[in-house]
1. Once phi is turned into θ = phi - 60°, what whole-Hz ³J(HN,Hα) does the Karplus curve with 6.51, -1.76 and 1.60 give for every residue of the range 128-134, x standing for Gly and Pro?
2. Starting from the Kirkwood Rh over alpha-carbon pairs, what translational D in µm² s⁻¹ does the range 18-71 have by Stokes-Einstein at 10 °C and 1.306 mPa s?
3. Which residues among the range 44-59 fall inside the zone where the amide N is under 15 Å from a point 7 Å beyond the Cα of R22, along Cα→Cβ?
4. So what is the relative contact order of the chain, in percent, for Cα pairs below 8 Å that sit 6 or more residues apart?
5. I'd like to know how the chain sits against the 2.2 N^0.38 Å rule of thumb: what's its Cα Rg over that expected value?
6. Taking the chain as a Gaussian network, where each spring joins two C-alpha atoms under 10 Å apart, which residue of V94, V41, V103 fluctuates the most?
7. In the chain, what percent of the accessible surface is made up of carbon and sulfur (1.4 Å probe, ligands and nucleic acids excluded)?
8. Per the helix-only calculation at 222 nm, which mean residue ellipticity applies to the chain, given -39500 (n - 2.57) for every DSSP H run of n ≥ 4 and division by its residues, nearest 500 deg cm²/dmol?
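The values are calculated or read from the model by the stated rules, or taken from the named source; none is laboratory data. All values reported here derive from a predicted model rather than from experimental measurement. With ideal geometry, Cβ positions are generated from the backbone for all residues, glycine too; neighbour counts draw on all protein chains shown. Side chains included, ligands, DNA and RNA excluded: accessible areas come from the protein's heavy atoms. Shrake-Rupley method; radii C 1.70, N 1.55, O 1.52, S 1.80 Å.
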Amino acid sequence: MDITIRHIRSGEHEALGEISARAYLDGGLLAHGADDPYLDVLRDVPRRAAEAEVLVAVDADGTLLGGVTFVSRGGAPWADIAGPDEAEFRVLAVSGAARGRGVGEALVRACADRARAREGCLRLVLSVIPEAVAARRLYDRTGFARAPYRDWEPLPGLPLLAYEMTL
């Protein structure tokens, strides 16, 4: 499959928001299902694009396949666990029709390439819920290691597992 990774275009915000929401809903990754308040965050691509770098994967026809939010350094909006010498990514989502075709891996590798290109960046980090088994397999396969000392809970009862990749 021919996949291109590029910055999101404003006309794609709504579509990526829905891909993100569907990926999390269909994957059973939201504690409160369709009533989960995190859906608003997932759908608010304009905010993410204004405060971080939103990358998308498209096929040769320009069909939107998925996206990810890349944060170049800790302390920036959208950084949860990254320190000053680290980059982070969040909201990795692939459309149902594109799953299993390497889209998620291409987006993760694009984030790693961006992190490596940033002078002084030592690690790429992320957080994931324990139930996201497919995502965790992807992170293992692409060179991330579990970092249990960084595990955290953004809300009581919502544990997140931390991963890091040394660059």
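1. 8, 6, x, 6, 7, 4, 5
2. 132 µm²/s
3. Flagged as within label range: 57-59.
4. Values: 314 pairs, mean separation 31.7, N = 167.
Dividing the mean separation by the residue count of the chain yields 19 percent.
5. Values: Rg = 14.8 Å, N = 167, 2.2 N^0.38 = 15.4 Å.
Normalised Cα radius of gyration, the chain: 0.96.
6. Result: V41 has the largest fluctuation of those listed.
7. Values: 4140 of 8160 Å².
Carbon and sulfur: 51 percent of the exposed surface of the chain.
8. Details: 5 runs with 51 residues, N = 167.
It comes out at -9000 deg cm²/dmol, rounded to the nearest 500.
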